[in-house]
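The values are calculated or read from the model by the stated rules, or taken from the named source; none is laboratory data. Here the structure is a predicted model, which means the values were calculated and not measured. Note: ideal-geometry Cβ built from the backbone for every residue, glycine included; neighbour counts use all protein chains shown. Note: areas computed on protein heavy atoms with side chains; ligands, DNA, RNA excluded. Shrake-Rupley method; radii C 1.70, N 1.55, O 1.52, S 1.80 Å.
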Amino acid sequence: MNLTFSQFALVVLAGPNERARTAFAHRHFRAAEILSLSRCRRRTGALDAAYTLLERIVSRRLQRRKLVVVNAPNLTQAERGRWLRLARRAYAEPVIVEVGAATRDALPDERDLRREGFHTAVLLSAQAAKTSTVQRLPLPNDRRDLHGPFDIIGDVHGCFDELVELLEKLGYRVDETPTGYDVTPPPGRLLVFVGDLVDRGPRTPDVLRLAMGMSAAGTALVVPGNHDDKLMRALMGRKVQVTHGLEVSLEQLSHESPAFREAVAAYLKSLVSHYVLDDGRLVIAHAGIRESMVGRWPQAARDFTLYGETSGQLDAFGLPVRLNWMAKYHGQGLIVYGHTPVAEPVRINNTLNIDTGCVFGGALTALRYPEMRLVSVPARVVYSPTNRPFLKMEDF
């Protein structure tokens with residue numbers, strides 16, 4: 001059996017057979033990566049003190065972005081919960097591997113463990129533990145190897161005509177094909193969408209066809225917005241409120257084939273929460289991202305990158321009060337994001353909001369990076385009225 005997980009993970013080796021756990025650990029991991037509860041107990045003499053010491057060492061290594069392997073029984077949900085909390089705090093992938101259990105009821109099954117919060121859960125018999133392999137994969141959001149130049153486009157929201165106009169203004173060629181759109185970028189350039197491809201606007205299916213085609217061709221990267229995520233959940237049959245423009249997307253997609261709707265759901269589900277590009281000098285996240293989340297396990301940061309930071313209260317327009325996470329950001333990577341419509345692109349610290357509210361009658365804006373040049377086209381009409389005025393620099 002081949003076990004795969006990310007290069008930045010907290011790997012919990014569980015099960016009552018310490019000899020089997022230890023053999024597995026030393027077969028697949030470096031000694032410096034392995035932390036043992038038994039060793040900590042020999043140092044402290046007491047179980048509670050051993051757990052305290054082990055947690056402290058694990059936390060310190062995770063903060064340094066090191067892969068950590070914990071060799072401990074972890075037979076109860078409470079024992080497993082302590083490692084889940086540490087993984088979440090450090091935005092590391094939580095992994096659990098039960099090694100060589102004498103009985104199959106030593107731990108819950110994989111589905112139960114994933115419901116507890118483990119992203120990867122594997123139960124190995126004693127024989128499978130001896131013959132299995134371990135593969136560490138790069139974090140899917142780590143594309144520091146891509147240096148651009150990039151064209152980063154703000155929230156499209158189904159405004160296909162403006163998207164094509166903006167692309168052509170940027171030097172892209174857009175050709176319609178029987179199955180979608182063939183987009184040819186200027187030599188060497190890569191397109192990046194900051195999310196919210198869908199909802200409210202008049203041509204969501206065409207925006208999706210274009211983005212999906214470019215993603216498949218390797219000429220675009222896309223991060224999900226909260227509207228994209230909600231549409232994905234609706235198409236997968238999950239219970240969501242059909243509001244804030246989702247009803248528009250669903251009506252438009254009702255005229256498409258079931259195969260296309262399934263492809264859209266799978267595509268939106270596959271999108272990575274944020275990207276780190278250009279040796280860490282550029283970060284793309286729909287609603288922004290905390291400095292401590294950048295370049296770490298993307299699923300752990302997903303809610304923040306979709307919705308940003310809110311107070312839990314509603315403003316006078318019945319919309320969530322959004323907090324200025326940008327004021328606390330002091331990272332070296334430029335964070336380019338959207339989500340909150342602004343009258344003009346807003347730069348605070350090393351962050352830049354390029355959602356200029358095309359669907360609300362504003363404009364569709366792109367940032368050319370590394371040139372740091374803004375290019376925009378005006379909305380042709382107001383597709384979706386908004387009660388809340390666009391924010392300006394002085395509103396932040």
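Within the listed set Arg39, Arg368, Arg89, the Gaussian network model of the chain (springs between alpha-carbon atoms below 10 Å) gives the highest mean-square fluctuation for Arg39. Three semi-axes describe the equivalent ellipsoid of segment 2-114; taken as square roots of 5 times the Cα gyration tensor eigenvalues and ordered largest first, they are 19, 17, 14 Å.
Summing Cβ point charges (Lys, Arg +1; Asp, Glu -1) relative to the Cα centre of the chain gives a dipole of roughly 2300 debye.
Seen against the Cα atoms of the chain and their longest principal axis, helix 258-270 is set at about 60 degrees.
For the chain, the longest principal axis of the C-alpha atoms and the axis of helix 204-217 are separated by about 60°. With contacts taken as Cα pairs under 8 Å and at least 6 residues apart, the chain reaches a relative contact order of 15 percent.
Taking all protein chains together, Met236, Met326 sort by accessible area into Met236, Met326, largest first [probe 1.4 Å]. The equivalent ellipsoid that matches the C-alpha gyration tensor of segment 206-287 spans semi-axes of 25, 15, 10 angstrom, in descending order.
Quick check on the chain: of the DSSP beta bridges with both residues there, what percent are antiparallel, nearest 5%? Antiparallel bridges make up about 40 percent of those DSSP assigns within the chain. Nearest 10 degrees, 0 to 90: what angle lies between the long axis of helix 18-28 and the longest principal axis of the chain (Cα atoms)? Its long axis makes an angle of about 50 degrees. Given a 10 angstrom Cα cut-off, can you work out which residue in Leu84, Leu139, Leu319 is the most mobile in a GNM of the chain? Result: Leu319 has the largest fluctuation of those listed.
Restricting the calculation to Cα atoms, segment 91-182 shows an Rg/Rh of 1.27 when the hydrodynamic-style radius is the Kirkwood one.
Looking at segment 308-385, the DSSP beta bridges with both ends there are about 75 percent antiparallel.
Between Val11, Val68, Val321, the GNM of the chain built on Cα springs shorter than 10 angstrom shows Val321 fluctuating the most.
Considering every alpha-carbon pair of the chain, the percent of pairs per 10 Å bin, from zero through the bin containing the longest distance, is 5, 21, 27, 22, 15, 8, 2, 0.
The label-point distance for Ala259 and Glu33, in a model that sets each label 7 Å from Cα toward Cβ, rounds to 4.2 nm. If R0 is 22 Å, the Cβ-Cβ spacing of Ser270 and Leu319 corresponds to a FRET efficiency of close to 0.15.
Rounded to whole Å, the principal axis extents of the Cα atoms in segment 178-332 read 47, 44, 24, largest first. Sequence-distant contacts, meaning Cα pairs under 8 Å at least 6 residues apart, place the relative contact order of segment 346-396 at 30 percent. Of Tyr369, Tyr307, the order by accessible heavy-atom surface (1.4 Å probe, DNA, RNA and ligands excluded), from most exposed downward, is Tyr307, Tyr369. Kirkwood radius, segment 27-80, all distinct C-alpha pairs, inverse of mean reciprocal distance: 11.7 Å.
Taken along its three principal axes, the alpha carbon spread of segment 1-61 comes to 37, 26, 18 Å, from the longest extent down to the shortest.
Which length gain, in nm to one decimal place, applies between Leu3 and Phe396 when the Cα-Cα distance is subtracted from 0.36 nm times their residue separation?
Here the answer is 136.9 nm.
When the P(r) is computed for segment 240-396, the part past 28 Å accounts for 27% of the Cα-Cα pairs.
Could you calculate the contour length gain from Arg233 to Thr179, that is, 0.36 nm times the residue separation minus the distance between their Cα atoms, to one decimal place in nm?
Computed gain between Arg233 and Thr179 is 17.0 nm.
Counting every C-alpha pair in segment 157-252, the share spaced more than 16 angstrom apart comes to 55%. Taking 14 Å as the cut-off, the amide N atoms of segment 2-33 that come nearer than this to a point 7 Å along the Cα-to-beta-carbon line of Ala126 belong to 16-24.
Model label sites at Arg88 and His330, defined 7 Å from Cα along the beta-carbon direction, differ in position by 2.8 nm.
The slack in the chain from Asp48 to Asp161, taken as 0.36 nm per residue of separation less the alpha-carbon distance, amounts to 34.4 nm. The distance between label points at Asp112 and Gln241 comes to 3.6 nm (points 7 Å beyond Cα on the Cα→Cβ vector).
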